[in-house]
Amino acid sequence: MNNAYELFTAVPKKHNCAQAVADGFGCRAMAEAMQNCGGGKAPLGRCGALHAALELTPAAKHAQIIAEFTAQAGGETCHAIKSAAEPYPCKECVRLAADLVEKYR
């Protein structure tokens, strides 16, 4: 099992959502490269946790991952997720993204 959730919720905070998912799977170089991918700054405005999950999984699985993530989180972009009537918490996006990496890796 990965520790993405623990990395994201650790105090003091050292990881954004994308970094937590990448580092949770032992990809430290990727985590460093994703320092600017949190808070809606990932490519296409995507949730950083989802962005990291896509980087860690085969391209052939991306449509399934996006569909499952969107169904649970309420959107693909950080803006859509956070502006929903009942926003899905960032820490749960990290947990969901990590679960999807484990499922489709």
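The values are calculated or read from the model by the stated rules, or taken from the named source; none is laboratory data. From a predicted model like this one, the values you see are computed outputs, not experimental measurements. Ideal geometry is used to build each Cβ from the backbone, glycine not excepted, and the neighbour counts take in all protein chains shown. Please note that ligands, DNA and RNA were not included when accessible areas were found on the heavy atoms of the full protein model with its side chains. Shrake-Rupley method; radii C 1.70, N 1.55, O 1.52, S 1.80 Å.
A few remarks follow.
- Of everything listed in (1) in contact with a Phe, Trp or Tyr (Cβ under 7 Å, 6 or more places away or on another chain); (2) free of Cβ contacts under 8 Å to residues at least 24 places away in the same chain, the single unmet condition for residue 54 is (1).
- Taking residues in the stretch 78-93 that are farther than 12 Å from residue 17 by Cβ and open to solvent by less than 50 Å² (accessible area, probe 1.4 Å), and partners anywhere that are among the aliphatic types (A, V, I, L, M) and part of a helix (DSSP H, G or I), the pairs with Cβ atoms closer than 9 Å and at least 6 places apart or on different chains are 80/73; 84/73.
- Failed criterion for residue 71 (all others in (1) part of a helix (DSSP H, G or I); (2) open to solvent by less than 60 Å² (accessible area, probe 1.4 Å); (3) over 20 Å from residue 6 (Cα atoms); (4) hydrophobic (A, V, I, L, M, F, W, C) hold): (2)
- Every pair of residues 6+ apart whose Cβ atoms lie under 7 Å, when the first sits in the stretch 25-42 and is touching a residue at least 60 places away in the same chain (Cβ under 8 Å) while the second is of a type outside the set (Ser, Thr, Tyr): 25/2; 25/56; 25/101
- Taken over the stretch 74-99, residues that are touching a helix residue (DSSP H, G or I) at 6+ places or on another chain (Cβ under 6 Å) and not in a helix (DSSP H, G or I) amount to 5.
- Counted as qualifying within the stretch 1-61 are the helices (runs of 4 or more DSSP H) with 1 or more residues that are exposed (fewer than 12 other Cβ atoms within 10 Å of the Cβ), namely 28-33.
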